[in-house]
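Trainee: Could you have a look at this structure, given as structure tokens, before my questions?
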Amino acid sequence: MRMYYDAVDGADPEDEEGLRELRELTAARVLLADRVEEWAAAEGRPVEAELVRDALEYRHADTPDGRLGRWGSAEARGFLLEWLPRQRTVLPGDPLPEAPEALRALIGYVHAHELADPLAPSEAAALAAVDEAAAGYPAAMADRSRYGIAKYWVTAAAERGVDIDDEAALGAFTRRALAGEPGTGADPEEWRRVLARRAELDAAGPARVLPQPPVALPDEAALRAAAAAVPLPEWAGCPDDGAADPLRRWQQGFDALFAPEPGALLLADGERAAFPSPFPSALRENWERALPDVLSALYALPAPMPLPRLRASLAAAGEGCSAEERALLDADLVRLARGLELLGAAECAIGRADACFVEALPPLAAFDEAADADDPYRGLREELERGPVPLLALTPLGTHGVRLRLRAAGRIAPLVGELAAAPPAGLLGALAEHYDEESARAELSAWVAARGGPAEAVPQLVAAVGRAPFRARRAGLLAALAGALPAPDGTELLHALRADAALGPVALSALLHLDGGAVAATLSERDRRLAVAEQLLQLHEATGPDGIRALLRAENAATAREMHAALADSPHPDTEAIAALAALLTETARATAQQSRANAADTRRRHTGKRRR
């Protein structure tokens with residue numbers, strides 16, 4: 001049970017990982033919404049689980065970062081004043097859905113059960129944001145210009161007595177209304193506003209964006225010293241008067257580059273005598289889009305970016321694909337690299353491209369010479385393998401500048417060390433869902449040091465694992481903790497926890513995940529049954545009954561019997577969950593057997609009929 005899932009756009013039958021992520025997300029939304037509904041009822045403020053599921057769907061799919069445990073003003077307004085008015089249909093005579101209360105319950109549950117993002121606004125701030133947005137909720141739900149297209153016509157039809165469950169009648173009404181027939185109540189101006197808003201949404205593109213990985217930066221004093229050493233060019237627009245804070249002054253100069261005129265000067269700096277005015281450029285006309293794309297591509301890379309690889313990315317995004325335009329892009333990128341180097345934002349070099357930029361590229365033989373003549377990636381692998389090529393990497397100062405711009409745009413840009421004051425559960429959740437191994441170790445090390453060392457810090461983290469409200473989340477948090485501790489501390493911690501009455505099964509599961517072969521060879525029969533039971537329980541919680549049914553259909557009869565045996569005589573301490581899961585396995589096996597017998601009987605009948613004919 002995670003609080004973050006990768007963006008899933010549809011379900012490609014060929015994409016097994018995507019289908020698994022979609023199943024887990026669907027089950028998580030249902031499970032979390034049901035838990036919120038139960039918790040809110042116990043608190044004396046009942047809410048509808050369906051509205052909580054709506055909030056989770058919005059937060060996952062229609063916000064840039066998709067973090068389910070992070071709610072602030074932008075998210076509250078987006079859900080109550082934009083998403084619900086567009087998506088949720090309220091028929092004539094029906095009450096307005098109590099969405100603000102459902103959102104308050106979700107926020108309350110998330111904070112009460114330590115599921116909140118560690119850098120999320122406080123519970124009080126989040127609830128205040130809901131109250132503020134809720135004041136405009138009734139008006140937003142009544143504003144037809146905010147309706148989605150389907151909702152607009154369903155509402156209009158229902159208001160005029162059309163049976164909206166009759167697809168033919170609904171379609172006929174819509175066609176008559178679009179034709180402007182009298183009696184349909186069609187309002188051309190209102191319909192124009194609906195279409196205009198839809199066009200705005202389409203033009204904005206998908207709400208979800210690729211997550212930014214954590215970056216490590218020097219402290220502010222070191223960044224300020226680096227900024228003070230940069231003689232900003234005239235076109236940066238920040239005269240060095242000696243009074244301004246060097247780091248702030250540098251950031252102002254860096255931010256100024258994103259406007260077209262300073263950008264053109266940066267591209268031309270040092271080359272003005274060699275180019276007419278305006279000089280030929282592929283980037284200049286689209287500078288306000290091109291520069292953020294370039295800097296985002298350079299941000300948090302593990303190795304310097306080869307400029308030919310950057311040129312291909314820009315060309316594929318529409319900056320030009322012909323041979324002439326590629327030559328212009330190459331010249332632009334060399335001048336841009338030089339300009340960024342003058343600003344202290346980047347470092348230029350000539351060298352071999354790192355394998356991470358080469359291995360994913362298709363070879364020249366994979367392209368059709370005629371059909372793919374203008375494909376910007378055609379021949380790129382061979383170009384990088386021949387080398388050497390121009391390379392470009394952000395400096396720590398440049399990374400700092402890009403990070404501040406990302407944050408100003410509402411993006412999450414994690415910084416190693418920023419979670420030193422985070423609560424234990426929030427820290428582990430972030431490590432499990434947003435950090436790579438190296439960054440996780442650095443972040444955990446800073447957190448542990450801030451609490452006086454492992455003897456004080458690790459018990460707090462283990463206690464947080466034990467408090468997690470979901471089985472799969474306990475497993476994820478414990479695995480993140482063990483993986484981020486220095487070797488062999490993580491493995492030793494898991495071995496020690498095997499004797500823990502509550503966390504023993506989770507620790508065994510984490511050990512098998514981290515060092516499966518070596519641990520599996522040492523398992524007793526009791527431990528083997530315990531491991532199987534824990535894995536099945538985690539799968540059941542993560543994917544629901546459908547996931548268990550799908551597993552049984554995919555396995556052979558012997559494996560299914562092994563699962564039954566593991567549950568029938570399981571040493572797992574959660575006897576209630578084991579009994580429920582065993583009943584589900586028995587029910588599924590019985591249904592599968594009945595279906596098999598029915599299929600066999602049908603086959604025999606068809607075969608007998610053919611012989612008689």
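The values are calculated or read from the model by the stated rules, or taken from the named source; none is laboratory data. Fair warning: this is a prediction, and the values are worked out from it, not measured in the lab. Cβ coordinates were reconstructed from backbone atoms using ideal geometry, including for glycine residues, and neighbour counts include every protein chain displayed. To get the accessible areas, we keep the full protein, side chains included, count just its heavy atoms, and leave off ligands, DNA and RNA. Shrake-Rupley method; radii C 1.70, N 1.55, O 1.52, S 1.80 Å.
Trainee: Could you order peptides 105-114, 372-381, 166-175 by the average number of other Cβ atoms within 10 Å of their residues, highest first?
Mentor: 105-114, 372-381, 166-175
Trainee: I'd like to know which of Ala172, Leu477, Thr575 lies farthest towards the positive end of the charge dipole of the chain, counting +1 on Cβ of Lys and Arg and -1 on Cβ of Asp and Glu.
Mentor: Thr575
Trainee: Right, here's the next one. Add -39500 (n - 2.57) for each DSSP H run of 4 or more in the chain, then divide by its residues: what number comes out at 222 nm, to the nearest 500 deg cm²/dmol?
Mentor: Here the helix-only value at 222 nm equals -19500 deg cm²/dmol.
Trainee: Can you give the Kirkwood hydrodynamic radius for segment 438-493, in Å, rounded to one decimal and based on Cα pairs?
Mentor: It is 11.5 Å.
Trainee: Report the relative contact order of segment 424-579, percent, no decimals, based on alpha-carbon pairs under 8 angstrom and at least 6 residues apart.
Mentor: 19 percent
Trainee: Another question, then. Report the percentage of all Cα-Cα pairs in segment 375-421 whose separation exceeds 15 Å, rounded to a whole percent.
Mentor: So the portion of pairs separated by more than 15 Å is 66 percent.
Trainee: In addition: Report Rg (one decimal) and Dmax (nearest whole number) for segment 424-579, counting Cα atoms only, units Å.
Mentor: 16.4, 53
Trainee: Relative contact order for segment 1-204: what percent, with Cα pairs under 8 Å and sequence separation of 6 or more? Walk me through the intermediate numbers first.
Mentor: On the way: 210 pairs, mean separation 38.6, N = 204.
Relative contact order for segment 1-204 comes out at 19 percent.
Trainee: Measuring from centroid to centroid over Cα atoms, what is the spacing of segment 417-465 and segment 335-407 in Å?
Mentor: 35 Å
Trainee: Please compute, for the alpha-carbon atoms of segment 104-195, the extent along each of the three principal axes and give them in descending order in Å.
Mentor: 55, 27, 19
Trainee: With +1 on the Cβ of every Lys and Arg and -1 on the Cβ of every Asp and Glu, and nothing else charged, how large is the dipole of segment 454-613 about its Cα centre, in debye rounded to the nearest 20?
Mentor: That gives a dipole near 1820 debye.
Trainee: Once you place label points 7 Å from the Cα toward the Cβ at Ala450 and Glu50, how far apart are they in nm?
Mentor: Label-label distance for Ala450 and Glu50, simple model: 4.3 nm.
Trainee: What dipole magnitude, in Debye to the nearest 20, does the chain give about its Cα centre under +1 on Lys/Arg Cβ and -1 on Asp/Glu Cβ?
Mentor: 1860 debye
Trainee: Once label points are set 7 Å from the Cα along Cα→Cβ at both Arg20 and Glu43, what is their separation, rounded to one decimal in nm?
Mentor: Between Arg20 and Glu43, the simple spin-label model gives 3.4 nm.
Trainee: Relative to the Cα centre, what is the charge dipole magnitude of segment 386-437, using +1 at the beta carbon of each Lys and Arg, -1 at the beta carbon of each Asp and Glu, and rounding to the nearest 20 debye?
Mentor: Charge dipole, segment 386-437, about its Cα centre: 360 debye, nearest 20.
Trainee: Can you work out the FRET efficiency for the pair Leu119 and Ala222, with r the C-beta to C-beta distance and R0 = 22 Å, to the nearest 0.05?
Mentor: 0.45
Trainee: Which of the following values of mean projected area of the Cα convex hull in nm² was calculated from the structure shown: [x] 40.6; [y] 48.9; [z] 26.6?
Mentor: Matching the structure shown: [x].
Trainee: Still on this structure: Sorted by average packing, counted as other Cβ atoms within 10 angstrom per residue and highest first, what order do 529-537, 361-369 take?
Mentor: Ranked by mean Cβ neighbours within 10 Å, highest first: 529-537, 361-369.
Trainee: While we're on this one: What percentage of the solvent-accessible surface of the chain, computed with a 1.4 Å probe over protein heavy atoms, is contributed by carbon and sulfur atoms?
Mentor: 52 percent
Trainee: Still on this structure: Relative contact order (percent) for the chain, with alpha-carbon contacts under 8 angstrom and 6 or more residues of separation?
Mentor: Computed value for the chain: 12 percent relative contact order.
Trainee: Taking only Cα atoms, what is the 0 to 90° angle, nearest 10, from helix 454-467's long axis to the longest principal axis of the chain?
Mentor: 50 degrees
Trainee: Shifting gears a bit: I'd like the orientation of helix 323-342 relative to the chain: the angle between its Cα long axis and the longest Cα principal axis, in ° from 0 to 90, rounded to 10.
Mentor: Here the helix axis deviates by roughly 80 degrees.
Trainee: Taking 0.36 nm per residue of sequence separation and subtracting the Cα-Cα distance, how much length would be gained by fully extending the chain between Arg386 and Ala316, in nm to one decimal?
Mentor: Roughly 23.0 nm would be gained on extension.
Trainee: On to the next question. Using amide H atoms built 1.01 Å from N in the peptide plane, name the residues 5+ places from Leu391, or on other chains, whose amide H lies under 5 Å from its own.
Mentor: Here the answer is Leu307, Ala349, Ile350, Gly351, since their amide H atoms fall under 5 Å of that of Leu391.
Trainee: If we sort 538-546, 135-143 on the protection proxy, mean other Cβ atoms within 10 Å, highest first, what's the order?
Mentor: Details: 538-546: 18.8, 135-143: 14.3.
Highest-to-lowest ranking by the protection proxy: 538-546, 135-143.
Trainee: Still on this structure: Bin by bin, in steps of 5 Å, what percent of the Cα pairs in segment 1-148 do you find, going until the bin that has the longest distance?
Mentor: All Cα pairs, binned at 5 Å, distribute as 2, 10, 19, 22, 21, 14, 9, 4, 1, 0 percent.
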